[in-house]
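Below is one structure, written out as structure tokens, with a few remarks after it.
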Amino acid sequence: MWGDFIFTLDKISFKIYNSVAALPALWDIVAQSNVFLQTPYLSVLERSAPVNMECFYIGIFEKSELIGVSLAQYLDLNKLESFGERDKSFKIAIRNFIFKNFASHTLFLGNNMITGQNGYVFTKEIEFEYISDILIQSAEEITSYFKKKGISIHLVSFKDFYEHCAIELKKFRFSNTYEFNTQPNMIFYLDENWKSLEGYVAVLSKKYRDQFKRARKKFDGIQVKNLYYEEVLQNEEKIYELYHYVAKNAPFNTFFLSKNHFSTLKGQCGNRFQIFGYFLNEELVGFHTLLLNGETLETYFLGYNEHIQKENMLYLNMLYNMTEYGIENGFKRIIFGRTALEIKSSIGATPVQMSGFIYHNNKLINRFIGEVFKKLEPELNWQQRHPFK
């Protein structure tokens, strides 16, 4: 698709690929610190991406040496079955109309499917001036590629930067790009003194120990099983049904996973991807997934039967089970993402603010992008809980 290097700044250059098979041989060595940029996961995106998504892979070079890798995703919102069915209001209807008509072709620099700074990784320290140039130039090049195909990219979004990175990027090419903050990333920093779930429960205050006991009592009778690849295949239809129920009832969606996503992920990533099935009377009533990312445990997608969730406090028990897995396997932190903030804080996760940058390719709309974005962003009303003594 692209020829040789299309951008050079001093000794730094980059190349864009649209096939995992075409990536440089050393890609996974460069990406070893982030599972979401390694070829097993990228192959999953290539083979089972949402129907409205196309991925691009960016190799960053110093002279001829690969020193960094990055990810971009194009989303066609016209192919989306629903933007989310949970919230019904005039404001939501207006938001959906605007997205459909003025933002239906969106380019993300980063991974729109997960929360966290997973858009790029380098093997050495790179000046933020170079990083900002690479990100902006990559977006412009991919936008040009689609323009040649007769598709106009409306929105370009640079996703999920921790505060210090956002501050540095604003000193360079992002100085005039609108910075936005959405719901925080809920991160649970695990105490190294906890050696088991009992150690964690012991430091909860009485109110939250009682919450834990109540949840576990409601959980009685449900069997949890770590599913092998063959079992994921056997239960694939039900897994997708449970996932789809949760996804379509989210407040806002830009994609839906393909039906073979979980089996493809398990087949490609093996033990680095864990999928736990929840069974009641031998029927699958829920599942949750985890990705092992170095010292970080990444929560991925989940699903559940609505009635079992209410009766058996299934979601809260899933959070406790993820916590137990993180503690017993020596992880330092669990990334819980940016949904269900209050209940996640009740088990110990804390909010970490993340920034993104966004611009519209229509200059007139882009002049008012800040005002438009603020009006479309859902109101954030929640109370942080403090569960420890």
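The values are calculated or read from the model by the stated rules, or taken from the named source; none is laboratory data. Because the structure is a prediction, the values reported are computed rather than measured. When we count neighbours, we look across all protein chains shown, and the Cβ atoms used for this are built from the backbone with ideal geometry, even at glycine. Ligands, DNA and RNA are stripped out before the accessible areas are found, and what is left, the full protein with its side chains, is counted by its heavy atoms. Shrake-Rupley method; radii C 1.70, N 1.55, O 1.52, S 1.80 Å.
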Output yes when any residue across the range 271-287 is out of contact with any strand residue (DSSP E or B) (no Cβ under 6 Å at 6 or more places or on another chain), in a strand (DSSP E or B) and open to solvent by 30 Å² or more (accessible area, probe 1.4 Å), and no when none is.
yes
Output for the range 174-222, where each listed residue is closer than 27 Å to Asn381 by Cα, in contact (Cβ under 8 Å) with a residue 60 or more places away in the chain, surrounded by fewer than 17 Cβ atoms within 10 Å (Cβ to Cβ) and more than 28 Å from the chain's Cα centre (by Cα)
Ser205, Lys207, Arg214
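Going by the conditions given, is Gln353 touching a residue at least 60 places away in the same chain (Cβ under 8 Å) and surrounded by fewer than 16 Cβ atoms within 10 Å (Cβ to Cβ)?
yes
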I'm told His360 meets every condition in (1) out of contact with any Leu (no Cβ under 8 Å at 6 or more places or on another chain); (2) open to solvent by less than 30 Å² (accessible area, probe 1.4 Å); (3) not assigned by the TED database to the domain that holds Asn193 except one. Can you identify the failing condition by its number?
(1)
Failed condition for Leu292, given (1) under 26 Å from Glu241 (Cα atoms); (2) without any contact (Cβ under 8 Å) to a residue 40 or more places away in the chain; (3) under 19 Å from the mean Cα position of the chain (by Cα), with all others met?
(2)
Could you tell me which residue of the range 19-70 is most open to solvent (accessible area, probe 1.4 Å), considering only residues that are acidic (Asp, Glu) and closer than 23 Å to Leu291 by Cα?
Glu46
What's the number of the condition Lys225 fails, among (1) more than 26 Å from Met113 (Cα to Cα); (2) surrounded by fewer than 20 Cβ atoms within 10 Å (Cβ to Cβ)?
(1)
